[in-house]
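In what follows, a structure is listed as structure tokens, so that the remarks can point back to it.
The values are calculated or read from the model by the stated rules, or taken from the named source; none is laboratory data. Treat the numbers as computed from the prediction; the structure is a model and nothing was measured. So basically every Cβ, Gly included, is an ideal-geometry build from the backbone, and we count neighbours across all protein chains shown.
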Number of protein chains: 2
Amino acid sequence: MSAALQELRQRLAEIDDLGNAAGLLSWDQQTMMPERANAQRAEQLGTLSGIVHDRFTDPAIGRLLGELEGEEEALRSADPDSDDAALIRVTRRDWEKARRVPSELAVELGRAGGLGHQAWVDARARSDFAAFLPFLERNVELKRRYVELFDDEGWDDPYDVLLDDYEEGMKTAEVAALFDELRAQLVPLIAEVAQRADAIDAAPLHGDFDAARQQQLVRGVLGRLGWSPDGWRLDEAAHPFATSFGPSDVRLTTRYDPSYIGMSLYGAIHEMGHGLYEAGVAPALARTPLASGASLGLHESQSRLWENVVGRGRPFTGFLHGELQRVFPDRFGTVDSEAFYRAVNKVAPSLIRVEADEATYGLHIILRFELEREMIAGTLALKDLPEAWNARMKEYLGIDVPDDAHGVLQDVHWSAGEIGYFSTYALGNLIAAQLWQRAQAELPDLDAQLAAGDGAALRAWLGDRLHRHGRKFPPKELVQRIVGGPIAVQPFADYLRAKLTPLYGLG
Amino acid sequence: MSAALQELRQRLAEIDDLGNAAGLLSWDQQTMMPERANAQRAEQLGTLSGIVHDRFTDPAIGRLLGELEGEEEALRSADPDSDDAALIRVTRRDWEKARRVPSELAVELGRAGGLGHQAWVDARARSDFAAFLPFLERNVELKRRYVELFDDEGWDDPYDVLLDDYEEGMKTAEVAALFDELRAQLVPLIAEVAQRADAIDAAPLHGDFDAARQQQLVRGVLGRLGWSPDGWRLDEAAHPFATSFGPSDVRLTTRYDPSYIGMSLYGAIHEMGHGLYEAGVAPALARTPLASGASLGLHESQSRLWENVVGRGRPFTGFLHGELQRVFPDRFGTVDSEAFYRAVNKVAPSLIRVEADEATYGLHIILRFELEREMIAGTLALKDLPEAWNARMKEYLGIDVPDDAHGVLQDVHWSAGEIGYFSTYALGNLIAAQLWQRAQAELPDLDAQLAAGDGAALRAWLGDRLHRHGRKFPPKELVQRIVGGPIAVQPFADYLRAKLTPLYGLG
């Protein structure tokens, strides 16, 4: 290895360590930290992220990347899948982005996001959009300034710049085309289902569920999917998430609703999907920028594959039903496997995205994507957002929004300045269906394994095709390699219709 | 505030944030982290401590300290107790020390400590001193090289250099004089007590204690001493400790022995003493090097004051006994308050320092201090350590050491390169007795409050006299300010004799 590559690796390893330290500060804040420490923790996080930014945008990194141009070529010629060539490529991409952002703007984006978040908590509690509006305006203004930094990059839509931060190489026009197709499939399907709403009864999921026994259930299920205490944690958090500080330290969180078993169980399986991705990155990529998921869409494909496709699929629900009967015999003694399978697959238009089923979920996302795009283009005045939101909820899902707390104010993302993020959730659903199609073709025994609660073969398959590569390949190339084509709507639409047709007796 | 002071404060605040992030990495490692993450966590900690060292020894800090010489004088003239003048003084002291240590030596000290610790774990398990010897030799050699860096400082004893890192301004000769006096008091006292060993029965502390109820007991007791969930945590750790990441985030750990209630209860009260010191530092000193205890001896005075002087004193044991009767009615229903008081004050020579009572504890320390001093001076060959250890155990405590695991290999400190540390434990005992004498004189109602389980007045007194100052004053000056004299043996010796005389029926 050249001295330049060695130095680059050393610098990146230290930056990775600092990033993991910041990750721990954040995990701790959401799971362990005493409440009064919030202000000092914000300072600690601010200091660490400033140091990470300074170290990564250090001109020395640029100098090393320049020196390594020839070596990158040579490495790739010798081995098109060279880890080191990929490391140089990804570092160059990240560095080119990061160095354009002046420190003042980075600090101001962080600050406005923090203030926006606080204002949003209050505004949502009082359903007061007007109180939140100035903070949203500030966030959008700063995001527009951020977009301008990339004016010479030749984007087609200003939103491209934001989208690319979450989903490398994805264009707004491509997402719009996918979403047009998805919406055209979902709107009539959901309207059909809504007319047969009574076909499914979700009552089995509701009742009185002791938190300790919920935890026992969740640990048992996750254990079958690859969770083990020597390399993982499971804790509680108000807003569940997954994180990791290296492949041997993956931390999931979930939430225990005493009257609804779906919250902890499916929430934990969802986060387990994220966790398996992080845990599965090849050890050789550790302490580099490659040691993470390739994009948010691909990450979400993993959480949704395990939560919805596996977790709500007929084989695995048979296993889950057995676990529920064992842990909650009072509640599930009289609920048969079919009733449980039906309950976890109920589809119904609803107001809140994070509570939406896997069919209506896409429409929640399409609505947000469309509004974000107009916000950044300046074609929608921010003060008119609630009206636009409510109109689209009626058009796509056929429901009326009673107040902004249950409408435009429901999500945290915009308050924190995260604009361009939402579409990756729906892309994840699409990719998950494509991966599932492929896995079924390649793993003939899969259904039987899942029916027995055995996730090992699917986990190994995903590990081999996807997880181990980390960020080595651009997301589009990675999808192409695994499923033999680009991200597409049809596999998801087919999957959904195939599942819902017998459940709802559709024509 | 001058621009130079402002810049210094900003730099120190960021270093403090990084130090707290490292503190969290370490806390997490000992309480939460999955085991397989040990190696990656060591790398993360290494990176952070390297960055802290680099940032603190940055020549810019030296330049600022130079520029601030006049300002420091002026600040101190205007107010002898100026926070800013103290900040400059303490930063200069720390900087002068840190900048002398070449990065290679700092890295090597850390590395040898890590390797030594691993070797020690194995060697202790097999009671194999020979296996540990090369690692100890390496640690001592590196410490000697460290001492040489300060050759121009004019120390009287090479050990002074090491001692000063833990106890600012304390000389080896001063400790030796205190310890000579302490040993002369303790050896005959303990010999007397040992002849009446049967006078006290410690059986009430042993039994079958459910861990959840132990936790309930401990939380109840700590709550009376100032613990509250909004600014504190209490977790389990194999080797209990206290730490903090700012005054609003103090974290204690304890250990639950299912057959001995003294472990969790007195361990937690001990750590609570440390925690109260950290929590009590004035908010104005936050995010500076002043935001910590003034020395290890003073820190230990707080843990031992609460654990031994208060926690094993007659008034507070009355309260504790009531709590025990409430939480463990089966065990303590038939044990009266006097029997409990006697049990927690049993004195008996024993092999293991961390299990020693408050009387014999000092002799364990004196033995280590004397051996360390000879190790650094080179007057004791390291291979002869076990023999020297065992001889002194016989001389001071009258007991035979069966094997090195219960002798020279019992402590973690030397394995990690922490040489010069031990004496602060005994200094803490001495200071605690001096503080107690003073507090009793100034708080006439103290015994009645403690008997009612109310620690508020003592906590407030310690907060006002000691805690709020953090590292503002040199430890010797601070002791002088509070007790009106230097660290002394007599108050501790008097306290001990006054307690043990009626308990053991001494002459």
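Quick notes
- Looking across B:104, B:72, one residue alone is part of a helix (DSSP H, G or I) and either β-branched (Val, Ile, Thr) or over 19 Å from residue B:289 (Cα atoms) (or both). It is B:104.
- Tallying residues that are surrounded by fewer than 18 Cβ atoms within 10 Å (Cβ to Cβ) and under 15 Å from residue B:274 (Cα atoms) within region B:210-222 yields 0.
- Considering each residue of region A:342-353 in turn, at least one proves to be among the hydroxyl-bearing types (Ser, Thr, Tyr), over 22 Å from residue A:498 (Cβ atoms) and outside any helix (DSSP H, G or I).
- Residue within region A:11-24 that is within 13 Å of chain B (Cβ to nearest Cβ), over 27 Å from the mean Cα position of the chain (by Cα) and part of a helix (DSSP H, G or I) present: yes
- Test for residue B:8: is it assigned to a helix (DSSP H, G or I), at the interface with chain A (Cβ under 10 Å from one of its Cβ atoms) and either over 25 Å from residue A:28 (Cα atoms) or of a type outside the set (Ser, Thr, Tyr) (or both): no
- Criterion (touching a Phe, Trp or Tyr at 6+ places or on another chain (Cβ under 9 Å) and under 24 Å from residue B:166 (Cα atoms)) met by exactly one of B:106, B:21: B:21
This table checks each residue for (1) at negative phi; (2) without any contact (Cβ under 8 Å) to a residue 60 or more places away in the chain; (3) buried (at least 21 other Cβ atoms within 10 Å of the Cβ).
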| site | (1), (2), (3) |
| --- | --- |
| B:324 | yes, no, yes |
| B:333 | yes, yes, no |
| B:350 | yes, yes, no |
| B:353 | yes, yes, no |
| B:356 | yes, yes, no |
| B:368 | yes, yes, yes |
| B:372 | yes, no, yes |
| B:375 | yes, no, yes |
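- Selected residue (criterion: nearest to the other protein chains (Cβ to nearest Cβ)) from residues of region A:228-241 that are in contact with a strand residue (DSSP E or B) (Cβ under 7 Å, 6 or more places away or on another chain) and hydrophobic (A, V, I, L, M, F, W, C): A:232
- Enumeration of residues in region B:448-464 that are surrounded by 15 or more Cβ atoms within 10 Å (Cβ to Cβ) and in a helix (DSSP H, G or I): B:449, B:450, B:451, B:457, B:458, B:459, B:461, B:462, B:463
- Count of region B:147-165 residues, restricted to those that are within 20 Å of residue B:414 (Cα to Cα) and either of a type in the set (A, V, I, L, M) or surrounded by 21 or more Cβ atoms within 10 Å (Cβ to Cβ) (or both), is 6.
- Close pairs from region B:31-42: first more than 8 Å from every other protein chain (Cβ to nearest Cβ), partner aliphatic (A, V, I, L, M), Cβ under 6 Å, at least 6 apart: B:31/B:237
- Only residues that are of a type in the set (Ser, Thr, Tyr), crowded, with 24+ Cβ neighbours inside 10 Å and either modelled with pLDDT under 95 or in contact with an Asp or Glu (Cβ under 6 Å, 6 or more places away or on another chain) (or both) were counted across region B:241-279, and they come to 1.
- Looking only at region A:137-181, and only at residues there that are under 21 Å from the mean Cα position of the chain (by Cα) and outside any helix (DSSP H, G or I), the one that is nearest to residue A:94 (Cα to Cα): A:168
- Where residue B:247 falls short, out of the listed (1) out of contact with any helix residue (DSSP H, G or I) (no Cβ under 7 Å at 6 or more places or on another chain); (2) within 14 Å of chain A (Cβ to nearest Cβ): (1)
- Candidates B:184, B:238, B:197, filtered to the one that is of a type in the set (Gly, Ala, Ser), exposed (fewer than 15 other Cβ atoms within 10 Å of the Cβ) and within 19 Å of the chain's Cα centre (by Cα): B:238
- Only one of the listed residues (B:407, B:420) is at pLDDT 95 or above, in contact with an Asp or Glu (Cβ under 7 Å, 6 or more places away or on another chain) and either over 28 Å from residue B:498 (Cα atoms) or not acidic (Asp, Glu) (or both). That residue is B:420.
- Residues of region A:369-413 satisfying the condition of being among the small types (Gly, Ala, Ser) and under 23 Å from the mean Cα position of the chain (by Cα): A:405, A:407
- Sole residue being more than 14 Å from every other protein chain (Cβ to nearest Cβ), within 25 Å of the chain's Cα centre (by Cα) and exposed (fewer than 15 other Cβ atoms within 10 Å of the Cβ), chosen from B:96, B:104: B:96
Yes or no, residue by residue, for (1) crowded, with 22+ Cβ neighbours inside 10 Å; (2) farther than 22 Å from residue A:286 by Cβ:
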| site | (1), (2) |
| --- | --- |
| A:13 | no, no |
| A:17 | yes, no |
| A:20 | yes, no |
| A:31 | no, yes |
| A:36 | no, yes |
| A:45 | no, yes |
| A:50 | no, yes |
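- Within region B:52-85, the set of residues being within 14 Å of another protein chain (Cβ to nearest Cβ) and more than 26 Å from the chain's Cα centre (by Cα) comprises B:54, B:55, B:58.
- In the condition set (1) buried (at least 18 other Cβ atoms within 10 Å of the Cβ); (2) more than 20 Å from residue A:294 (Cα to Cα); (3) touching a residue at least 40 places away in the same chain (Cβ under 8 Å), residue A:389 is compliant with all but (3).
- Residues located in region A:115-144, provided they are at pLDDT 95 or above and among the polar types (S, T, N, Q): A:127, A:139
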